[in-house]
Every structure is written in structure tokens, then in C-alpha cells.
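Just below is one structure, and these are the notes that go with it.
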Ligand SMILES: *Cc1c(COP(=O)(O)O)cnc(C)c1O
């Protein structure tokens with residue numbers, strides 16, 4: 001059995017759109033794509049009159065090296081959000097197929113599934129925050145095509161151990177794709193699930209430059225999966241997903257100097273995360289700070305709504321996650337700069353004293 005047998009048959013047989021840039025490469029007089037022959041007269045506009053390369057070779061190879069894979073196993077997308085959408089659209093038949101998610105977790109999996117008309121099966125995390133692999137497997141139905149696992153998980157920050165991922169990948173072989181979302185992997189130090197793809201053809205891994213690489217505004221995500229899965233998604237991705245200024249920004253961030261700065265930045269976040277965990281745990285009104293492997297902390301408060309309002313009144317915006325199951329008293333606080341974190345602590349301590 002091929003992993004593609006899980007995909008929608010109509011997508012497998014679809015003739016993809018063939019863009020001008022894909023059909024003919026080389027040449028210096030480019031009159032095949034109805035572009036303007038003149039660069040726009042705006043700052044940084046040189047060359048922006050041309051459609052971008054759909055999958056720029058240098059970027060694909062740089063990301064392949066970064067994530068420990070190869071170019072044929074990589075699809076660069078408009079943020080990993082787009083990769084989630086492409087997976088759901090390629091594998092789930094509307095009105096028939098399903099995805100499995102483990103709430104509380106990232107909301108886009110369910111949103112993309114619902115937009116596609118796929119049903120969403122929920123297998124909640126254990127009260128401890130740990131993923132319940134056996135319950136999750138029991139929730140998988142014959143029409144389940146995708147199982148989403150986020151590690152470190154947003155919004156709880158917990159890690160899914162590698163043996164649990166192996167158990168899932170193995171049990172789901174020939175049944176469903178295990179999509180491992182590693183948006184926060186750089187803050188965890190854990191080995192990437194990319195290393196499972198050689199052995200398991202049903203593992204797909206989501207990575208992004210939005211968090212640890214400071215490039216949320218550039219929208220550069222990556223899907224790593226078997227070449228046949230990547231080939232299928234290349235058929236349905238919009239023709240020119242990556243704006244050239246974003247590609248340039250990504251290449252800058254991934255340069256030698258960019259990587260040095262990134263390592264420094266991640267170390268700084270880890271230091272601040274440890275400090276915030278310790279300090280927040282001592283603030284009156286804080287019930288619990290969930291240990292986190294990401295760049296945020298989920299914090300339980302005696303009065304989450306009041307705390308949210310006090311922070312907001314002081315100009316500090318955090319994420320209200322009280323609507324998530326099991327987190328009815330929690331706010332998610334991103335680890336900021338030392339000064340930003342000090343402001344959070346000052347507001348919380350002032351509120352506690354009042
Ligand atoms: C932020 C986030 C993403 C989205 O990343 P983009 O690459 O910016 O689309 C994906 N998954 C999780 C769990 C996230 O928290």
C-alpha cells in the first residue's frame with residue numbers, strides 16, 4: 001500500500017495548473033507571463049515585476065539542511081497554516097472523512113477541517129496535559145485521514161515523547177497520516193520527528209520560521225514528508241505562494257550571521273522562560289504555571305478574567321485561553337524581552353497587593 005492511497009482519488013488524478021514560470025525556464029526576454037517589463041518604482045522594488053519562483057531552489061535546499069531532510073521531501077508554504085490546509089484538502093473528502101485532534105491544542109487543525117467539510121474527532125489530553133496515545137488511537141475511525149499532534153503543544157507547552165510518536169506512527173501505518181506540528185521545536189531541544197519519516201511513510205512534520213526565527217510577518221512554513229506526499233501537495237498549492245521579499249528575508253535569517261543571532265535569541269528566550277516560570281510561581285493569585293517547552297507559559301490564576309483586564313489596562317496583551325477544555329482559569333503569556341516580562345510581573349504584583 002502507498003501512503004497516497006489515503007489521499008482523495010480526485011486529487012490524485014487532478015491535472016495541476018501549469019504556470020508560465022514552470023513551463024519555460026531560462027531566456028532573457030520574458031514575455032510569457034503577462035508581467036510588466038518594468039520594475040515598480042517603489043523602495044526595494046527591483047525585480048518585483050516578475051512572478052516569484054514557486055519553490056526557490058536555494059531556500060528549499062537551505063531548509064532541507066536546517067530540518068535534516070532532502071529537497072524532494074520538502075514543501076515551502078505560506079506559513080505552516082497553509083500546509084495544514086493543503087493536507088486537509090488533499091486527504092479529506094468533504095462530508096466523509098475525518099481528522100483527529102487532541103484539545104486543548106492549536107485551533108487551525110479543526111478550522112481547516114471544517115472549511116473542507118471534514119469532521120473533527122476530539123481525543124482530549126489527559127488532565128496532566130500529557131497526550132493519551134491509546135485513547136487517541138481508539139478514537140481513530142476508518143475514515144480518519146489525518147491525526148494532528150502538536151509538540152511542544154500550543155497552548156499547554158508540553159512535549160510529546162518520541163516513543164509516543166513512534167507508537168502512533170506505527171499504529172497508524174496504512175490508516176492515517178500522523179501530522180506532527182513542531183512550530184516551537186527550537187525552544188524544546190527535542191529530536192525532530194523528521195527522523196521518523198525514513199521508517200514511517202505516514203509521518204508529516206510541520207515547521208515554521210514564524211516563532212524561533214522571528215519571521216512571522218514573512219509567512220514561511222515548511223512541510224517535511226515523503227516525496228510522494230510532497231508531490232501530491234505541489235499539485236494543489238497556489239502557483240506562486242512565496243513572495244520574493246519573503247524569500248529574501250528567509251535567506252537572510254538562515255545565513256551564517258542570521259543563524260548566530262537566532263541561537264542567541266533562542267537562548268535569551270529560554271533564560272527568560274525559566275525566570276518567568278520561577279517569578280510567576282511566587283506571585284499571589286497565580287495557581288500554577290505549566291512547565292513549557294515553547295516560548296510561552298500557560299498560567300492558571302485565581303481570577304483569570306480580572307488578570308487579563310488588568311494587564312490589558314496596562315497595555316499588555318496576553319492570550320485568554322479560558323475557552324479551552326481544562327484551562328478555564330488560564331492565560332497564555334508569550335515570553336517577551338526582559339523589559340516586557342518585567343512589566344507583566346509588575347502588573348501582576350500590583351494587582352496581588354491591591
Ligand atoms: C504559530 C503556530 C503555527 C503557525 O505557524 P505559521 O507558520 O505562522 O503559519 C502552527 N502551529 C502552531 C502550533 C502554532 O502555534
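If I take all pairs of Cα atoms in segment 152-204, what percentage of them are more than 19 Å from each other? Everything past 19 Å amounts to 25 percent.
In the elastic network of the chain, a GNM with C-alpha springs shorter than 10 Å, the most mobile of 93, 300, 50 is 50. For the pair segment 94-141 and segment 19-89, the centres of their Cα atoms are 32 angstrom apart. Name the most mobile residue of 200, 256, 324, meaning the one with the largest mean-square fluctuation, in a Gaussian network model of the chain with Cα contacts below 10 Å. Comparing 200, 256, 324 in the GNM, the peak value goes to 256. Evaluated at q = 0.06, 0.07 Å⁻¹, a Debye calculation over the C-alpha positions of the chain (equal weights, vacuum) places log10 I(q)/I(0) at -0.25, -0.34. Can you give me the angle between helix 256-281 and the longest principal axis of the chain, using Cα atoms only, in degrees from 0 to 90, rounded to the nearest 10? Taking the Cα atoms of the chain, the angle to 256-281 is about 30 degrees. Between 331, 196, 312, the GNM of the chain built on Cα springs shorter than 10 angstrom shows 312 fluctuating the most.
Kirkwood radius for segment 258-353, taken over all pairs of different Cα atoms as the inverse mean of 1/r, rounds to 13.6 Å.
Contact order, relative form, for segment 207-354: 17 percent (alpha carbon pairs under 8 Å, 6 or more residues apart, mean separation divided by residue count). With helices as the sole contributors, the chain gives -11000 deg cm²/dmol at 222 nm; each DSSP H run of n ≥ 4 counts as -39500 (n - 2.57), and the sum is divided by every residue. With respect to the chain, whose longest principal axis is taken over its alpha-carbon atoms, helix 162-172 is tilted by about 50°. For the pair segment 203-266 and segment 315-353, the centres of their Cα atoms are 29 angstrom apart.
Against the main long axis of the alpha-carbon atoms of the chain, helix 304-313 sits at an angle near 80°. Remark: relative contact order (the chain) = 17 percent; criterion is Cα-Cα distance under 8 angstrom and separation of 6 or more residues. Taking every DSSP beta bridge that has both residues in the chain, what percent is antiparallel when rounded to the nearest 5? About 55 percent, rounded to the nearest 5.
Rule-based calculations on the coordinates, nothing more; no lab input. All figures in this text were calculated on a predicted structure; none of them were measured in a lab.
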